[in-house]
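Student: Take a look at this one; I'll ask things after.
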Ligand SMILES: [Mg+2]
């Protein structure tokens with residue numbers, strides 16, 4: 001029996017710039033830093049609660065506090081922790097993800113193994129990450145495109161009344177490939193299709209969550225007509241039928257804060273592959289802790305959207321690196337490799 005002492009503290013982080021998507025704006029994030037300690041080894045994790053899923057810093061903290069100490073018959077049994085947390089209550093996937101990544105970090109440190117080796121990943125370098133450009137006035141978007149200079153792929157947030165102007169502003173400055181994320185902002189098939197037709201001539205390689213997650217029939221129609229691959233984000237929280245999702249989308253965006261675990265994310269990833277779905281691994285606005293855990297999952301993915309930590313004024317650790325050509329790389333150090 002191993003008894004883990006679990007502690008947490010607020011991880012309040014400022015954004016370099018106000019970040020706006022179709023649902024709202026934010027200047028800071030209120031995440032939670034988690035430590036799991038046993039045998040003089042400490043695993044680190046992060047919860048990035050999301051109001052889209054009725055989570056806050058307070059609700060995540062309350063869930064983590066329910067854990068008190070964690071008594072593990074086998075401390076290396078990650079599935080046992082996931083099952084135990086499910087028994088403590090529904091929802092609160094950000095808190096669950098933060099706890100599971102802390103246990104994984106502990107296991108890697110205890111064994112002296114980087115997690116990419118422990119999990120037998122194809123390597124320690126994942127796909128190129130996109131860099132996000134939130135919704136803003138065209139003059140501010142120009143500055144953001146300049147700031148995104150080192151990154152080869154842009155992720156552009158749409159879902160406004162001036163979406164075409166945003167794209168035209170960016171295209172006057174760069175021809176970099178663009179991933180568009182409408183964050184459920186287009187509410188009719190006609191409007192979504194008109195936007196996709198416009199974007200098809202603009203070197204846009206993916207459209208993420210064009211319509212609300214509730215628009216299942218509409219998305220099925222849109223998939224049949226779209227000339228750009230469509231990816232599920234808000235429609236894919238981890239509990240849906242992947243077969244059903246494959247009738248609406250060409251790919252899925254897996255995020256730890258939605259699935260609640262690295263282990264669950266990898267299971268979803270491999271099942272989705274069998275159904276022919278393409279895979280992106282994304283993030284919330286989160287620090288390098290959670291982005292590093294996400295980068296671990298991204299080692300098996302086609303696309304990465306792991307710029308959350310790059311949008312912050314500071315990070316509590318060094319972890320995943322974004323190489324000069326945009327590829328994400330994990331450190332060759334035990335656990336998540338946070339230093
Ligand atoms: Mg998204």
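Student: What is the one condition in (1) in contact with a helix residue (DSSP H, G or I) (Cβ under 9 Å, 6 or more places away or on another chain); (2) within 19 Å of residue 307 (Cα to Cα) that residue 150 does not satisfy?
Tutor: (1)
Student: Looking at region 261-282, I want the residues that are not assigned by TED's automatic domain parsing to the domain that holds residue 301 and have a partner that is more than 16 Å from the ligand (Cβ to nearest atom) with Cβ atoms under 8 Å, at least 6 apart or on another chain. Which pairs are those?
Tutor: Sorted first by the residue in region 261-282, then by its partner, the list stays empty.
Student: If you go through region 269-283 one residue at a time, do you hit one that is within 25 Å of residue 23 (Cα to Cα), part of a loop (DSSP other than H, G, I, E, B) and within 16 Å of the ligand (Cβ to nearest atom)?
Tutor: Step one: filter region 269-283 for residues within 25 Å of residue 23 (Cα to Cα), giving 279-283.
Among the residues that remain, those that are also part of a loop (DSSP other than H, G, I, E, B) are: 282-283.
Restricting the remaining residues to those that are within 16 Å of the ligand (Cβ to nearest atom) gives 282-283.
Yes: one or more hits.
Student: So, residue 240, is that one outside the structural domain of residue 24 (by TED's automatic domain parsing), surrounded by fewer than 20 Cβ atoms within 10 Å (Cβ to Cβ) and over 19 Å from the mean Cα position of the chain (by Cα) or not? Outline the logic, then answer.
Tutor: Numbers: outside the structural domain of residue 24 (by TED's automatic domain parsing): yes; surrounded by fewer than 20 Cβ atoms within 10 Å (Cβ to Cβ): yes; over 19 Å from the mean Cα position of the chain (by Cα): no.
Taking the combined requirement at face value, the residue does not satisfy it.
Student: Please determine whether any residue of region 38-52 is in contact (Cβ under 8 Å) with a residue 40 or more places away in the chain, over 22 Å from residue 338 (Cβ atoms), touching a strand residue (DSSP E or B) at 6+ places or on another chain (Cβ under 9 Å) and not in a strand (DSSP E or B).
Tutor: So far as region 38-52 goes, no, none of its residues is in contact (Cβ under 8 Å) with a residue 40 or more places away in the chain, over 22 Å from residue 338 (Cβ atoms), touching a strand residue (DSSP E or B) at 6+ places or on another chain (Cβ under 9 Å) and not in a strand (DSSP E or B).
Student: Give region 166-202 a look and list any residue that's within 23 Å of the chain's Cα centre (by Cα) and away from the ligand (no atom under 16 Å from the Cβ), or say none. Don't jump to the end; show me each part of the working.
Tutor: Within region 166-202, the subset within 23 Å of the chain's Cα centre (by Cα) is 176-186.
Answer for region 166-202, where residues must be within 23 Å of the chain's Cα centre (by Cα) and away from the ligand (no atom under 16 Å from the Cβ): 176, 177.
Student: Could you tell me which residue of region 292-314 is surrounded by the most Cβ atoms within 10 Å (Cβ to Cβ), considering only residues that are away from the ligand (no atom under 15 Å from the Cβ) and farther than 18 Å from residue 118 by Cα?
Tutor: 309
Rundown of residues vs (1) buried (at least 22 other Cβ atoms within 10 Å of the Cβ); (2) more than 20 Å from residue 16 (Cα to Cα), yes/no style:
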{"site": "132", "(1), (2)": "yes, no"}
{"site": "149", "(1), (2)": "no, no"}
{"site": "175", "(1), (2)": "no, yes"}
{"site": "196", "(1), (2)": "no, yes"}
{"site": "212", "(1), (2)": "no, yes"}
{"site": "236", "(1), (2)": "yes, yes"}
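Student: Go over the candidates 68, 27 one by one and state the one that is surrounded by fewer than 14 Cβ atoms within 10 Å (Cβ to Cβ), at negative phi and touching a strand residue (DSSP E or B) at 6+ places or on another chain (Cβ under 8 Å).
Tutor: Values: 68 fails: at negative phi.
The conditions single out 27.
Student: With respect to residue 216, is the statement that it is in the same structural domain as residue 282 (by TED's automatic domain parsing) and closer than 19 Å to residue 157 by Cβ true?
Tutor: no
Student: Select, from 122, 150, the only residue that is part of a loop (DSSP other than H, G, I, E, B), in contact with a strand residue (DSSP E or B) (Cβ under 9 Å, 6 or more places away or on another chain), away from the ligand (no atom under 16 Å from the Cβ) and on the phi < 0 side of the Ramachandran plot. So that I can check it myself, show each step before the final result.
Tutor: Working: 122 fails: in contact with a strand residue (DSSP E or B) (Cβ under 9 Å, 6 or more places away or on another chain).
On inspection, the qualifying residue turns out to be 150.
Per-residue answers, yes or no, for (1) within 16 Å of the ligand (Cβ to nearest atom); (2) in a loop (DSSP other than H, G, I, E, B):
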position: 238; (1), (2): yes, yes
position: 243; (1), (2): no, no
position: 247; (1), (2): no, yes
position: 257; (1), (2): yes, no
position: 263; (1), (2): no, no
position: 266; (1), (2): no, no
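Student: Something else: Spot the failing condition for residue 319; the list is (1) under 17 Å from residue 333 (Cβ atoms); (2) assigned to a helix (DSSP H, G or I), and only one is missed.
Tutor: (2)
Student: Also: In contact with a strand residue (DSSP E or B) (Cβ under 9 Å, 6 or more places away or on another chain) and modelled with pLDDT under 95: is that true of residue 325 in this structure?
Tutor: Working: in contact with a strand residue (DSSP E or B) (Cβ under 9 Å, 6 or more places away or on another chain): yes; modelled with pLDDT under 95: yes.
Yes: the conditions hold for residue 325.
The values are calculated or read from the model by the stated rules, or taken from the named source; none is laboratory data. Being a predicted model, the structure only gives us computed values, none of them experimental. Virtual Cβ from ideal backbone geometry, glycine too; neighbours counted across all protein chains shown.
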